[in-house]
Amino acid sequence: MKILVTGGTGYIGSHTVVELQQNGYEVVIVDNLSNSHAEVVDRIEEITGIRPGFENLDLTNTEKTADFFKRHKGLSGAIHFAALKAVGESVDKPLLYYKNNIGSLINVLQGMNDNNISPIVFSSSCTVYGQPDILPVTEKAPIKKALSPYGHTKQIAEEIIETTVATSSIKAILLRYFNPIGAHESALIGELPLGVPNNLIPFLTQTAIGIREMLSVFGDDYNTPDGTAIRDYIHVVDLAKAHVVAIDRLLNNKGKSKVEMFNLGTGNGFSVLEVINSFEKTTGVKLNYKIVERRAGDIEKVWADTTFANSELGWKAEKGIDEMMRSAWKWELALANN
Ligand code: UD1
């Protein structure tokens, strides 16, 4: 079975392509390389021994996307990762985010509709919940007003998929990621942030290796045991495996409704200081950090209730925080040696 993976050279996309191929799926990647590199295709081949198909295509281009679907008749489904994801940038350039993230989704759904392709797995985010009133957060928690245009695009995209599947033969699973970190064990693929990283782990490992002078811990006056903010960090390989389970479920008609959503987290929350402790303990590297003001737009704490994903999807994250740190550090060291 051949699966279209949009954004397949990106961080989560590339790890998912590896897992799909290792589970017998054929993959064709579509990516415009706006935040990734063509060499990732070579790396995927190095890991799996199979070269995925690849097309450099901007999915916001309606004609070119329609043409892609015409040329790829045998597709069994799609996993749609391709999107912009920098929260801060989305505040400065909201239209860019709406145009890119929503425009590409519409073109992909249109192509699937016109060519009778189903199902779709969509890359959503726990950001749709905002700061939840009840923790851990379940899939039934209300969708709160988005804190950024980026988060808003994920909410709108979920709604577009829900309304589209209602009147078409497409089935869907929306996967709400918590905080994906870490890298593939081979250290051949991982997160490749452009410029100064916004996210905690790439900033942390770049500080540890000496690219950055100091990690700023954003706030220690939150209502948490050590005062720093809490997130549910999940190993990217565990996350990638959930996509294979989701596509299997859809292709085997195991879904209970035309669109289903699942939280992808470990169910465990870690504070920023606990993450730093785990990194130092696992790698033996001392980290330079200081406490600074809170970052605007950050929520205090969020972690997943994974009961539904565990029981209904039949998937469970296996790797713990130390393993996430170890693989993130191995990846940073590999980057330094390249
Ligand atoms: C954010 C988005 C999320 C998005 C993800 C990926 C929000 C609410 N969440 O997650 O939707 O999918 O980015 O881009 O916008 N931290 C530091 N120092 C740093 C960097 C981060 O202390 O230099 C702290 C943050 O305050 C936070 C934690 O580390 O408590 C994780 O931050 P980050 O990795 O940026 O992810 P989120 O903000 O949780």
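Scanning region 296-318 for residues that are outside any helix (DSSP H, G or I), at pLDDT 95 or above and surrounded by fewer than 17 Cβ atoms within 10 Å (Cβ to Cβ) gives 300, 314, 316, 318. Taking helices (runs of 4 or more DSSP H) as the structural unit, those lying wholly within region 48-130 and holding at least 3 residues that are surrounded by 15 or more Cβ atoms within 10 Å (Cβ to Cβ) correspond to 62-71, 87-92, 103-114.
If you go through region 137-163 and keep only what is open to solvent by 50 Å² or more (accessible area, probe 1.4 Å), more than 13 Å from the ligand (Cβ to nearest atom) and outside any loop (DSSP other than H, G, I, E, B), you end up with 159, 162, 163.
The residue that is surrounded by the most Cβ atoms within 10 Å (Cβ to Cβ), among those in region 221-252 that are among the small types (Gly, Ala, Ser) and part of a helix (DSSP H, G or I), is 246. Cβ separations smaller than 8 Å between residues 6+ apart or across chains give the following pairs from region 193-215 residues that are farther than 18 Å from residue 272 by Cα to residues that are open to solvent by 50 Å² or more (accessible area, probe 1.4 Å) and near the ligand (Cβ under 8 Å from one of its atoms): 193/199. Screening region 253-292 for residues that are among the charged types (D, E, K, R) and within 16 Å of the ligand (Cβ to nearest atom) and picking the one that is surrounded by the fewest Cβ atoms within 10 Å (Cβ to Cβ) gives 290. Tallying residues that are in contact with a His (Cβ under 9 Å, 6 or more places away or on another chain) and free of Cβ contacts under 8 Å to residues at least 60 places away in the same chain within region 67-100 yields 3. Does region 174-188 contain any residue that is closer than 27 Å to residue 301 by Cα and open to solvent by 50 Å² or more (accessible area, probe 1.4 Å)? No, because not a single residue in region 174-188 is closer than 27 Å to residue 301 by Cα and open to solvent by 50 Å² or more (accessible area, probe 1.4 Å).
The values are calculated or read from the model by the stated rules, or taken from the named source; none is laboratory data. Predicted model, so just to flag it, every value in this text is computed and none were measured. For neighbour counting, all protein chains shown are included, and Cβ atoms are generated from backbone atoms with ideal geometry for every residue, glycine included. Note: areas computed on protein heavy atoms with side chains; ligands, DNA, RNA excluded. Shrake-Rupley method; radii C 1.70, N 1.55, O 1.52, S 1.80 Å.
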